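Colleague: Following this message is one structure expressed as C-alpha cells.
The values are calculated or read from the model by the stated rules, or taken from the named source; none is laboratory data. Bear in mind the structure is a predicted one, so any value in this text is a computation, not a measurement. For neighbour counting, all protein chains shown are included, and Cβ atoms are generated from backbone atoms with ideal geometry for every residue, glycine included.
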Amino acid sequence: MTGREGIKALVYQNSEVVDSNDLCGFMEEMVWIMFGKKKKETARYDETEWKPVLQCSICTGEQVAGFKNRNTGVFKEDCLVKNELELVEFKKKYGIKGEVEKIY
C-alpha cells in the first residue's frame, strides 16, 4: 500500500499498532512524504490524434511547443521555448523521440 491508502489502512487498537509490518510501511511512507521527491511521470497525449510541433514566429522568432491536431489542424499550446534546454525538457516530459516539426 502506498500514499493515503497505506495511512488509511493503518488500524490502531488501544493505541497499539495491530501489525508491526503496518508500522514499518507507515514509517517508510511518512519519511517519503516528508523528504522524498515524487518521480516525474511522463505526460501523455493521444499520438493518433495529436502530433508534437514547435510553432515559430517569423517576426519575433518566438517558439512555442505544443500539439497540432492531425485532423483539424488546431494547435494546442503547451510551453514557451526560449532555448534548446527547454525544448529538450518538453520532449522529455512527453517522451518524444527525434525531432519536433516546426510550423510557421
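Colleague: So which residues in segment 60-79 are under 17 Å from the mean Cα position of the chain (by Cα) and free of Cβ contacts under 8 Å to residues at least 24 places away in the same chain, if there are any at all?
Modeller: Gly66, Phe67, Glu77, Asp78, Cys79
Colleague: Among (1) among the aliphatic types (A, V, I, L, M); (2) at pLDDT 90 or above; (3) not assigned by TED's automatic domain parsing to the domain that holds Lys97, which single condition is Val81 missing?
Modeller: (3)
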